[in-house]
Amino acid sequence: MHPTDGCTDDGGGMGDRLVVPTGRIARLAADLQVVARELEGSDGTAGALAAACGHDRLAREIEESARCWQRRREDVVAGVVNLADACDGIAIAFTDADVHLAQAV
């Protein structure tokens, strides 16, 4: 330890204990699932907007933008779902490990 780095070795180092906030991770998974559902349900409004705008060229641009966003949204939804599944798996794995370790003690 360098004397000016503000670190001390009091025996309470990181190796003594691992704290994994599984409840927070599980809530994050649930929140990400909500985000994915919201993104999945956010299509269909561009057609109505294009029809209501009253300008052919603008309507075409709105529709093209909606098509591009649809493709991108599908990729984003897939990524968010994968992240939610990973968070859920992490929370379950650490909870199970904690239970098994507690039973072994």
In whole percent, the Cα-Cα distances of the stretch 55-105 spread across 10 Å bins from 0 upward as 22, 22, 18, 15, 11, 7, 4, 0
Scattering curve values for the stretch 31-71, log₁₀ I(q)/I(0), Debye with Cα scatterers, q = 0.16, 0.18, 0.27 Å⁻¹
-0.46, -0.54, -0.85
With every protein chain left in place, what is the accessible area of Thr95 in Å² (1.4 Å probe, nearest 10)?
60 Å²
Given a 1.4 Å probe and the protein chains all in place, what does the accessible area of Asp98 round to, in Å² to the nearest 10?
100 Å²
Using a 1.4 angstrom probe on the protein heavy atoms only, line up Asp31, Asp56 by accessible area, largest first.
Asp56, Asp31
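The values are calculated or read from the model by the stated rules, or taken from the named source; none is laboratory data. Predicted, not measured: the structure shown is a model, and the values here were computed from it. Each accessible area value is taken on the protein alone, full model and side chains, heavy atoms only, with ligands, DNA and RNA left out. Shrake-Rupley method; radii C 1.70, N 1.55, O 1.52, S 1.80 Å.
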